[in-house]
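Notes follow once the structure below has been shown.
What follows is calculated from the coordinates using simple rules that are stated; it is not laboratory data. Everything numeric in this text was worked out from a predicted model, so none of it was measured. Cβ atoms come from the backbone with ideal geometry, glycine included; neighbour counts cover every protein chain shown.
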Amino acid sequence: MSRLESDGFFAADLVVLLLVCTGPLVRGFPSGLVTDSCGDMRPRHSGATPQTAPSPFTVTTGQRSYSLGEDVKVELLGPASTPFTGFLLEAREVGSQTPVGSFAIPAGGAQILTCSQNPNSAVSHSSGFTSSYIQVTWRSEPSRDMKSIQFRASFVQNFRTFWVDVMSPVLTFSNDSAVGPAGALSASRSTGTPTHNTANGNIQPARVARSARAGSAGSISSADCGVTKVCFSQPPRCDPAVDANCYFMSAMMLPGGAAVHYEMSGPVEGYVAFGFSDDQNMGNDDIYICGTESNGAVRVQHAFSSGRSAPQILTAANVYNITTSNQNSVISCSFTSTNTISTQRTSGFNQTYYLLFAHGSSRNGQIQFHSGTFVSTDKIDISHPAVIGKNAFPPIIKAHGSLMLIAWMTTGSLGMMVARYLKKMAKGEKLCNKDVWFVVHVGAMIVTVVATSIAFILVFSYAQDWAGGAHPVLGCLVMILSLIQPIGAMLRCGPQHHLRYLFNWSHFLNAVVIKAIAVAAIFTGLDLIDSTNAWLMKVMGGFLGWEALFYIMLEVHDWKIKHTESTPAQLESALVKGDGLLIALFFLGNFCFLVALLVGIGMS
């Protein structure tokens with residue numbers, strides 16, 4: 001044998017030897033027939049170990065419970081920029097290693113397997129699979145003693161990069177669904193097919209379900225607030241699962257940081273919405289809306305607001321796994337979005353934003369101007385779980401409320417009482433060539449009108465809108481009638497004029513009307529800033545009751561004195577002393593109520 005032949009045989013032997021030695025290193029399952037992995041769910045990639053870092057891929061369902069024979073939609077999701085090339089999915093009872101139930105034959109890119117001798121009990125990829133999203137259907141076994149289950153998956157990114165045993169939230173067994181022809185009727189029903197983009201830019205169907213459970217679908221709650229998700233609510237720390245009057249939103253960053261699961265609910269017939277903003281005012285905000293259509297259905301919309309005009313509705317792409325509910329006058333939506341938060345000035349999930357929450361009515365599926373809002377106190381990063389407080393009312397709003405209280409519950413009351421009950425006090429004594437009572441009356445009412453005007457200008461320069469329901473309307477009426485009162489007084493006829501009584505009655509009646517509307521405006525204003533325990537409303541009720549009591553006591557005292565047999569001098573003395581004492585006592589209590597309300601406004 002020549003040297004050349006010898007070298008040739010040696011080279012061939014070397015190639016064969018290398019193939020034999022490296023064979024185990026390249027063992028894999030591009031076809032997806034991974035039944036060897038059914039038990040531990042580990043890919044048989046020799047020499048490679050599972051990743052220990054959090055998986056960028058997730059397993060999600062649109063519900064938190066299931067019933068006998070119910071179809072459950074299961075979604076495997078990854079970042080659009082990082083698709084997975086292989087996967088294995090099973091459903092297992094919590095604490096068990098044996099797959100349960102069966103999967104329907106998936107559409108494209110996947111296949112069903114037999115694991116632990118249970119046909120169709122697992123799903124895996126097929127040849128050439130590459131995607132960041134796939135949806136499959138699982139059905140429970142109607143003859144089993146059902147327990148809580150969890151979906152478990154393994155994801156393969158490449159030969160050496162894979163994650164094992166990625167789990168979905170636990171689904172509890174529920175037997176409260178009505179049985180139908182298929183053996184059971186699902187507690188959630190599909191109402192539409194929104195879309196989202198896969199890594200390849202293809203459109204895939206995403207499940208939309210309306211819960212048949214009461215309230216906020218039973219799945220939206222304050223559980224895990226500050227632990228796994230950011231929560232923002234009004235009243236603070238309320239739980240929408242148990243409190244029908246709770247306005248609530250939450251945001252939970254999913255593993256991998258490429259998607260966020262959102263929830264929102266509120267006791268409205270129209271819509272609830274939340275947004276991300278660079279400031280605490282509306283405008284340039286990234287918004288999600290949960291609103292009712294003209295047919296009563298609920299849908300989720302992604303929008304962007306510019307200034308105070310209606311928000312611009314954006315494309316529905318990249319919003320999926322949507323669940324909606326509209327029951328018992330409570331509307332709720334939960335969904336997952338891979339849309340990056342963007343206010344144009346700031347962009348990204350890991351940035352800080354103010355949270356805005358708004359709610360209002362809708363008309364023929366179109367949202368109307370909000371009837372209520374609240375804003376977070378500070379900017380937050382939704383990747384850091386926390387319980388967020390609403391923003392304190394700005395000083396300009398507190399000043400408005402304080403001025404209105406002082407004007408119509410103290411100085412206005414003083415001016416009205418002096419004019420009616422103390423005209424005879426210091427009779428004959430003049431100040432600026434006018435009776436003392438008249439000077440006190442005019443001075444108190446001037447302070448009242450000036451305080452009302454300043455309060456009106458402050459609030460409208462800040463708000464620049466009519467948000468707040470009846471409160472701004474009542475405030476405008478008070479302002480208009482308050483300006484009419486001094487104008488009418490300056491144009492009045494002389495005391496001896498035969499039509500003087502017309503001025504007296506109109507002046508009196510206008511004052512009573514202003515007082516009544518001002519009190520209503522104060523109550524509606526306090527209701528806007530005191531929605532947690534209503535103690536300000538209770539104090540205001542006591543304030544009003546205190547004033548009504550003394551008006552009654554003053555009228556009774558005057559009537560009693562006038563019907564006693566006394567000389568004019570004695571009558572005047574009794575009226576002045578009695579009325580003066582009652583008014584002094586009234587203002588002592590008035591001051592205490594006023595201080596309590598001012599402190600409450602300052603703390604709001």
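Structure notes:
- Unsatisfied cross-links (Cα-Cα over 22 Å) in the set Lys73/Lys147; Lys423/Lys577; Lys229/Lys379; Lys434/Lys515; Lys430/Lys577; Lys515/Lys577: Lys434/Lys515; Lys515/Lys577
- Taken along the Cα-to-beta-carbon direction at a fixed 7 Å, the label points for Ala104 and Val170 span 2.8 nm.
- Rg followed by Dmax, in Å, when segment 35-170 is reduced to its Cα trace: 14.1, 42
- In range of the label at Val595: residues from segment 544-564 whose backbone nitrogen is under 19 Å from the point 7 Å along Cα→Cβ: 544, 546-547
- Calculated from backbone phi, Karplus (6.51, -1.76, 1.60) coupling profile of segment 319-331 in Hz, x at Gly/Pro: 10, 8, 6, 8, 10, 10, 8, 8, 9, 6, 6, 10, 9
- Euclidean distance of C-alpha centroids, segment 535-559 and segment 272-293, integer Å: 44
- Measuring r between the beta carbons of Ala310 and Glu269 and using R0 = 30 Å, the FRET efficiency lands at 0.95.
- Using the Karplus relation 6.51 cos²θ - 1.76 cosθ + 1.60 with θ = phi - 60°, the per-residue 3J(HN,Hα) values for segment 401-417 come to x, 5, 5, 5, 5, 4, 5, 9, 10, 10, 5, x, 5, 4, x, 5, 5 Hz, with x marking Gly and Pro.
- At an R0 of 45 angstrom, the distance between the Cβ atoms of Met603 and Phe508 translates into a FRET efficiency of 0.75.
- Under 5 Å from the amide H of Cys115 lie the amide H atoms of Asn120, Ser121, Ala122, each residue being 5 or more positions distant or on a separate chain, with H modelled from the backbone and absent for Pro and chain starts.
- Ranked packing of 584-597, 485-498, 370-383, most packed first, by mean Cβ within 10 Å: 370-383, 584-597, 485-498
- When you count the other C-beta atoms within 10 angstrom of each residue and take the mean per peptide, 318-326, 81-89, 437-445 line up highest first as 318-326, 81-89, 437-445.
- 3J(HN,Hα) from dihedral phi, segment 154-167, Karplus parametrisation 6.51/-1.76/1.60, rounded to Hz, x for glycine, proline: 10, 10, 10, 8, 8, 4, 9, 10, 8, 10, 10, 6, 7, 10
- 9 Å beta-carbon shell around Ala251, net charge (K/R +1, D/E -1): 0
- The stretch between Ser383 and Thr352, if pulled fully straight at 0.36 nm per residue, gains 10.2 nm over its current Cα-Cα span.
- Summing Lys and Arg as +1 and Asp and Glu as -1 over all other residues whose Cβ lies under 13 Å from the Cβ of His302 gives a net charge of -1.
- Estimated FRET transfer efficiency (His498, Asn433; beta-carbon r; R0 35 Å; 0.05): 0.90
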